[in-house]
């Protein structure tokens, strides 16, 4: 990680190289401001790590970018779509993995990936390529996901994102429940995704790991960006 | 770039997936049908009067199907919420009308299979012999009633899916709403079996009522399901 960069709002939100532009974004949950004015610009094709303590707003930023939340104040443009206006055109371009994987236990790994691929009309070639990219072996393809380990399930879920050719991957605590080897493997897969052109945003409590892998680190405290670091 | 499937293709995809999961898990086969069959048998022991059983059989069949609807509808959304798949479907921008129609169709197939077993059980256990013209009425009313039950059950199970205490909330919501279906189906089957002192022709107006309820439920579900599953 190189030089620290002060947080400055970027007004160039029409630029096509920006995957995410948040300007003074406020999201209120009940009476509690989960985001209290976030300014953030994420370039396309970068691997971004959101860091911060519990309640800092990491999950809220990811859900805002997924179109699951709308800003109460400020602006949020994701892939040049105004989330406050209508997030619908955005959704099939974005893949969001929360704390769960969105898998069906009684379907096999292949059937799960095929199902998610079919939601955007992707074909069998996309599925096979995604399974290969996520290092899902022939032995695992036909196993029901209820019999897979946490790391294997995560890889199947990621294969679903890859098969859908999502432009923006939003991953909330993707390392949770994985052993060291599986975390390393996941990091390699996320890096490969970003290198292939996807924008990857993830949240994590594992500061050292995030520092080592991301292009753009974002520290959140009390619903605001406190520091940004770019490679 | 691939394009998302339309409503019909989405519905087909969702229905096929739900039926595949049910085929694998065998919840209807191994749990719901035995539950319904035991209810029929116990009722036969409790009312030890063949004449009375014959008169009560149509109501009992549909009461059993209605209780089974609650189990099946809960199950249909439990597979979506177990690993966050429903939220993933929303993020992926999968058409909620397609989701509704697909889940309702899969539920209708399961309920129809259950209704067939229950009617056959009633014919055997309660010593009933439908007139020749009654079979067509029996089949038509069963199709219309199961479609109406499935559409209504899908709406309310989707609504209750994100609510704590959904297991007890769903019966409270569904049972009053499906009472016209229960009454219509019971009257139609009484006419088909000749147990209510009515002719077969008297059953067709009730089939008309069931068809209207089925269509109305499907339209209401298609219009409201997106909002129902939003939070």
Quiz item: In the set B:178, B:200, B:174, B:189, which member is crowded, with 18+ Cβ neighbours inside 10 Å and modelled with pLDDT under 90?
Solution: B:200
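Restricting attention to the range B:16-27, does a residue exist that is under 27 Å from residue B:126 (Cα atoms), assigned to a helix (DSSP H, G or I) and more than 8 Å from chain A (Cβ to nearest Cβ)?
First, pick out the residues of the range B:16-27 that are under 27 Å from residue B:126 (Cα atoms): B:27.
Add one more test, that the residue is assigned to a helix (DSSP H, G or I), and what stays is B:27.
Next cut, more than 8 Å from chain A (Cβ to nearest Cβ) only: B:27.
Yes - at least one qualifying residue is present in the range B:16-27.
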Quiz prompt | Among (1) within 14 Å of another protein chain (Cβ to nearest Cβ); (2) crowded, with 20+ Cβ neighbours inside 10 Å, the one test that residue B:81 misses | solution = (2)
Exercise. Would you mind finding the one in B:38, B:8 that is more than 9 Å from chain A (Cβ to nearest Cβ), within 30 Å of residue A:117 (Cα to Cα) and assigned to a helix (DSSP H, G or I)?
Key: B:8
Quiz prompt | Check on residue B:28, within 20 Å of the chain's Cα centre (by Cα), modelled with pLDDT under 90 and buried (at least 16 other Cβ atoms within 10 Å of the Cβ) | solution = yes
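Looking at A:190, A:148, A:161, A:178, can you tell me which residue is within 12 Å of another protein chain (Cβ to nearest Cβ), closer than 29 Å to residue A:55 by Cβ and in contact (Cβ under 8 Å) with a residue 24 or more places away in the chain?
A:161
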Quiz prompt | Wholly within the range A:150-231, strands (runs of 3 or more DSSP E) carrying at least 3 residues that are crowded, with 21+ Cβ neighbours inside 10 Å | solution = A:168-172, A:199-204, A:216-221
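State whether one or more residues within the range B:45-57 are more than 10 Å from chain A (Cβ to nearest Cβ), crowded, with 23+ Cβ neighbours inside 10 Å and more than 30 Å from residue A:159 (Cβ to Cβ). Before the answer, list the steps.
Let us first name the residues in the range B:45-57 that are more than 10 Å from chain A (Cβ to nearest Cβ), namely B:45-57.
In the following step, the residues that additionally are crowded, with 23+ Cβ neighbours inside 10 Å were identified as B:57.
Narrowing the set further to residues that are more than 30 Å from residue A:159 (Cβ to Cβ) leaves B:57.
The answer is yes, given that some residue of the range B:45-57 is more than 10 Å from chain A (Cβ to nearest Cβ), crowded, with 23+ Cβ neighbours inside 10 Å and more than 30 Å from residue A:159 (Cβ to Cβ).
Of the residues B:138, B:128, which is over 22 Å from residue B:11 (Cα atoms) and not in a helix (DSSP H, G or I)?
B:128
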Exercise. Hey, can you tell me all the residues within the range A:47-75 that are touching a helix residue (DSSP H, G or I) at 6+ places or on another chain (Cβ under 7 Å), farther than 30 Å from residue A:208 by Cβ and more than 12 Å from every other protein chain (Cβ to nearest Cβ)?
Key: A:71
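The values are calculated or read from the model by the stated rules, or taken from the named source; none is laboratory data. All of these numbers come straight from a predicted model, not from anything done at the bench. Every residue, glycine among them, receives a Cβ derived from its backbone with ideal geometry; neighbour counts consider all protein chains shown.
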